[in-house]
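Have a look at the structure below before the remarks.
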Amino acid sequence: MNRAVEVVVTGVGAVTCHGAGAATLWRAMTAAGTRLPDRPADPYARMDLPLISLVPDPDPAAERATRFASLAAAEALADAGLDAGALAAARTAVVLGSCMGEPGSNERGRGGDDWSPPFRLASALAGELGLFATVHDVANACAAGAYALGIAADLVRAGEADVVIAGGSDGYSRVALGCFNRLGAVDPERCRPFESDRAGTVFAEGAGILVVESAAHARARGVPAPGAPGGALRLEGAAWSCDAGHPTAPRADGEQIVRAMREALGEAPDGVGCVVPHGTGTRLNDVLESRALLRVLGEGAARVPLYSLKALLGHTGGASAALAAVAAALILRHGEIPPNVPLKDQDPQCEVLLPQGAPVPLPATARRVLVNAYGFGGNNASLVLAGGGGAA
């Protein structure tokens, strides 16, 4: 990525199984609890599988992903101090990632003339906000939210946009749940990344949205600089790679995972105070990511805390990396890493630090958070957020 133009994050929004709002997410993170799985509210989903749902919904075919994105975007824009007038005056873009898009009626029996294209989240959100803007829907599997943020940074650096509303959203999908059931990749208990007896992931739903801007545009409208109280955060790096060695599994050598992390970190791989890993709870992913982190962070890797977000939320698909970026922003704003959901017994093959029981201060000399995301088809992406240090 060309780092000549500084890119910042000025607002965040979230919708998760714990409720709406980034503040709600932070309270859940600091409580170090977990959300127990719920059954899907779908009479045709005849699968004995857990699913972490947001709220009971009387209409399981409703456009959940679109509504999640709308809620999270409204919060992110308010957090950034951007109203409709400010958006209309700026060169604006909307980039959203999703695994399933908006399956809605297409997979739940309405069919016929009611068929609608599933990947229209970005255009729907732009229309709702009254924006005549560049819109991109990204479908790079479970790394889609990270790719969306990388594209947002590229648009800003290329001078194509001043403000980008970017992130990811996924709702309940019968097809996705059925596919993972056939793959045998669902843990019957809950999502338990890095535990020795983990048995797969658990699907969840939600949205994470970030407002990405050029630093110059943010300064011109009075946003404090990174490091100042209430200041913006830097989106320092975004990189991706593709190994494509297997339809669902990453390459065993982890080479392309390492490459994405190193390119996102740039020429200064030190100063990482926290990692929000992809950490799905699947047997292969957690071991490969742990080993890749050791290669990238070197001898100090064992001292860099991880915050395992999927243990708290479940796997939100294309929204997962965007929610991980929101979590990274909250960690930087508050200057501490919350305790992880307690592990019963950490896998000895996963030699990573997962603090439990109490928060860990983010060192003043290590105010960078690395976010990882991986998806089917060998889609790998990493992000680096930095800054904070002012009042939360």
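Specify which of the listed residues (GLY97, GLY13, GLY81, GLY104) is touching an Asp or Glu at 6+ places or on another chain (Cβ under 6 Å) and at pLDDT 95 or above.
Matching residue, one of GLY97, GLY13, GLY81, GLY104: GLY13.
For the range 162-191, the set of residues classified as on the phi < 0 side of the Ramachandran plot and out of contact with any strand residue (DSSP E or B) (no Cβ under 9 Å at 6 or more places or on another chain) consists of ARG174, VAL175, GLY178, CYS179, ASN181, ARG182, LEU183, PRO188, GLU189, listed by residue number.
As an exercise: evaluate VAL175 against (1) β-branched (Val, Ile, Thr); (2) at pLDDT 95 or above; (3) assigned to a helix (DSSP H, G or I) and give the number of the one condition it does not meet. Tallying (1) β-branched (Val, Ile, Thr); (2) at pLDDT 95 or above; (3) assigned to a helix (DSSP H, G or I), VAL175 fails exactly one: (2). Given the criteria surrounded by 24 or more Cβ atoms within 10 Å (Cβ to Cβ), polar (S, T, N, Q) and touching a helix residue (DSSP H, G or I) at 6+ places or on another chain (Cβ under 6 Å), does SER169 qualify? Taking the combined requirement at face value, the residue satisfies it. When you scan the range 319-327, do you find a residue that is farther than 18 Å from ALA28 by Cα and either touching an Asp or Glu at 6+ places or on another chain (Cβ under 8 Å) or not acidic (Asp, Glu) (or both), even just one? No, that holds for no residue. Against the conditions (1) farther than 25 Å from ALA185 by Cα; (2) surrounded by 21 or more Cβ atoms within 10 Å (Cβ to Cβ); (3) not polar (S, T, N, Q), VAL360 satisfies every one except (2).
The values are calculated or read from the model by the stated rules, or taken from the named source; none is laboratory data. Bear in mind that the values here come from a model prediction, so they are computed numbers and not experimental data. Every residue, glycine among them, receives a Cβ derived from its backbone with ideal geometry; neighbour counts consider all protein chains shown.
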